Structures are given as structure tokens and as C-alpha cells.
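Shown next, in C-alpha cells, is the structure this report addresses.
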Amino acid sequence: MASHENGAGTQDVLLEIRDLKTHFALDEGTVRAVDGVDLDVRRRQVVGVVGESGCGKSMTAMSIMRLIPPPGQIVEGEIRFHRPFDERPDAKDIVDLAQFESNDRQLRDIRGNQISMVFQEPMTALSPVRTVGKQIAEAILLHQDVNKAEARDISIETLARVKMPNPEQRFDDYPFQLSGGMRQRAVIAMALACRPQLLIADEPTTALDVTTEAQILDLMRELQAEYDMAILYITHNLGVVAEMAEEVVVMYLGKVVERCDVDSIFYNPKHPYTKGLLNSIPRLEDVLQDKREKLNAIEGMVPSSFQRLSGCAFHPRCPDFMPGVCDEAEPQLIQLEEGHAVRCHLYT
Ligand SMILES: Nc1ncnc2c1ncn2[C@@H]1O[C@H](COP(=O)(O)OP(=O)(O)O)[C@@H](O)[C@H]1O
Ligand SMILES: [Mg+2]
């Protein structure tokens, strides 16, 4: 039994991110890509992360994986991962991923094994010059105590489970021989081959056409149940969130501005930014009546990454802006009710 875990609620925790800050110190100034993210994922839970491009979704994911491109680095915060205890007796039950040196053995042990990631562009994960099967088998050989023949069998079995047509033949294909959808299936197979507790999916369907997207979303939902894993699902698309996630985290400029269950995000949004995102989804009746020009985009631009705004970072675009309040003090993430938190002065 784990020494640190007690009480029914905490037993289920898989990942706890606290006040995570990942910054890029550049000559032009500091980019605060992630600037105070709090986020929890429970075992088997699907958590959606939404927000406009540039708000720090990918860098949050890369921070968890400890794959932040230099000069980016975690400057503050914790990423507590509750490891399964049965794997290695000397392993700690709760590890702070933010504390590891980038080449730490424990970190290499976790990455690609207990936590794995699927990227937007499948070729980010695949080498163009090696067969798909070899690459999946390598991931298995790296983490599991099996021989080459067994790794091959597991790879083909995993390819079959992601519904790759003719998995045995596909094993010997190079990535360029596959369609975009099949490539993403191969990448998902690679990510799942070691049966991770947590899968981080960073816009995995954005590069695909809508039909293929729907198939991959179906597949990920099935696999989530089958593999009993949690998914951190990153997307700019609220429609995808509605389909995939149980809980939703809304990010704006490196911060979590709202966090709640998926129904509340659509029926009871609190943050003006969340409401803006919802209003910017085209509604079917408007499209049919060709009222597209009335589409409510959120006004204003996302400020430059170098700019540091006083008060709430959303205040220059906010329809509910309160002068002297919102541009003065930074709002804290406050709990409105069980399971619903918001970072906004309207509620303080
Ligand atoms: N390699 C990098 N060097 C400098 N800044 C970066 C780098 N990667 C990302 N950023 C900055 O970090 C911020 C967050 O980026 P990102 O996490 O990729 O956003 P998202 O995934 O939400 O679109 C952006 O302002 C982006 O310009
Ligand atoms: Mg991104």
C-alpha cells in the first residue's frame, strides 16, 4: 500500500500539477508559455484542455513529458505523478516530474511507458527512414523485458487493436506508405504499446480530414476504456471536447481560467473567455441561414507573448472588464462549487 495516499478521494489521483511555470528566456524578453497551471487527472479520467492557439497547451504537455525545447524550462511548480507501485520496489509512489534531471533513469522509465504522448503531426513521432513496425517494437524493447520476436508480436497485436488494416503487412511499411489516418493509428499504437496509465494527446486529429478525425476519436474512446487509462486531451476545438472529455480545463495565456465538468462548460460557463469561446462556435441554424457574418469571434487579439499585462491577462478583450479592478490585481483561481473553479474578478 502506498504510504502517501490515504482517503478515497486521493486514491484515484494520477497526476497533480501545481502552479507550473515554463518560461523561455529569449533575448527579446521572457515568454511565459505556461504561467501558473493547476490541473488534476484521476485514473481512467479524460480531461480536456482547451484554449486558442498559443495559450500554452502544448508546452504544458511538453512540461509533463519533460521534452520542452531549449531555452524553455520549468521555473516553478510541481508535476506530481502517482506511479503504480507494483513495478519496482525501489520506485517512489509519488514522483515530481518537474524535479528530475532531464536524463534521469526514473524519468526515462516513465516517459513512453507509463506516460506517453500522441502529437498533432504523426511525423513528429515517426522516423521517415525506418519501418513503422521497427519503431513500435523499439519502444517496447526499451521498456519491457521481452525479446525481439515477442516485441514484434506485441507490435502487431497493438497495430491490430488500433484497427490498422493488415497489421502484419503494415509492420514492414515505411511511414510514407501509409495514409495520414493510418500514420496516426501507428503513432497511437506506439504510444499504447507499453500500456500507459496516462496518454497525452495533443491535437491528434487536427491534421486529419473530418471523417478520419471521427474514426480516430472513436478509436481513442474505445482504447481508453479497453486500456483503462487516463487521457489528457488537448484541442482548440470545443466540439471535440464535448465528445471526448469528462472534465475540462480552459487555458488563456499560460493560465487555467476555468475548470469544471464537461456539461458545465457548455451549460454553465462562468469565465467571460469561456463564454467567448462558446459563442465563436458556428451554430447550425446560423450556417443554414447564411448568418455566418454574425459569428461572434472574441474581440481583440491574443497579446504578444512578451507582453506582461497587469491584473487579469484577459482584461483588454473582456466584455465584462471592470476598470480599476481587472487591470489592477490578478484574480486567483477560486472554487465556485464542488468541481467548478474560475479565475475571474466577477466572482471574487
Ligand atoms: N520553442 C519555443 N521558443 C519560444 N517560445 C515558444 C516556443 N514554443 C512555444 N513558445 C511560446 O509559448 C507559448 C505557448 O505555446 P504553445 O504551448 O505551443 O501553445 P498552444 O499549444 O496552446 O498553441 C506561445 O506564446 C509560443 O509562442
Ligand atoms: Mg499546441
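Listed here are the residues, each with its yes/no results for (1) modelled with pLDDT of 95 or more; (2) under 29 Å from L277 (Cβ atoms); (3) in contact with a Lys or Arg (Cβ under 8 Å, 6 or more places away or on another chain).
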site: A61; (1), (2), (3): yes, yes, no
site: G72; (1), (2), (3): yes, yes, no
site: G77; (1), (2), (3): yes, yes, yes
site: I94; (1), (2), (3): no, no, yes
site: R105; (1), (2), (3): no, no, no
site: A139; (1), (2), (3): no, no, no
site: D145; (1), (2), (3): no, no, no
site: A149; (1), (2), (3): yes, no, no
Open item on the list: Which condition from (1) within 16 Å of ligand 2 (Cβ to nearest atom); (2) modelled with pLDDT under 90 is the one that L67 breaks?
Closed with: (2)
Task: Odd one out for V146 among (1) away from ligand 2 (no atom under 16 Å from the Cβ); (2) within 30 Å of V250 (Cβ to Cβ) - done: (2)
TODO: Mind telling me which of the residues R152, R111 ends up being at negative phi and in contact (Cβ under 8 Å) with a residue 40 or more places away in the chain?
DONE: R111
- [ ] Answer yes or no: is there a residue in the stretch 213-235 that is at pLDDT 95 or above, more than 30 Å from Q114 (Cβ to Cβ) and not in a helix (DSSP H, G or I).
- [x] no
TODO: Would you check if there is a residue in the stretch 29-36 being closer than 21 Å to V241 by Cβ, in the same structural domain as E222 (by TED's automatic domain parsing) and more than 8 Å from ligand 1 (Cβ to nearest atom)?
DONE: no
- [ ] Report whether or not V256 is closer than 28 Å to H23 by Cα, touching a His at 6+ places or on another chain (Cβ under 9 Å), in the same structural domain as P272 (by TED's automatic domain parsing) and not hydroxyl-bearing (S, T, Y).
- [x] no
Task: Among residues of the stretch 25-74, those that are assigned to a loop (DSSP other than H, G, I, E, B), surrounded by fewer than 23 Cβ atoms within 10 Å (Cβ to Cβ), in contact with a Phe, Trp or Tyr (Cβ under 8 Å, 6 or more places away or on another chain) and not acidic (D, E), counted - done: 2
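The values are calculated or read from the model by the stated rules, or taken from the named source; none is laboratory data. Everything numeric here is computed off the predicted structure, so don't read it as measured data. Note that we place each Cβ from the backbone using ideal geometry, even for glycine, and neighbour counts take in every protein chain shown.
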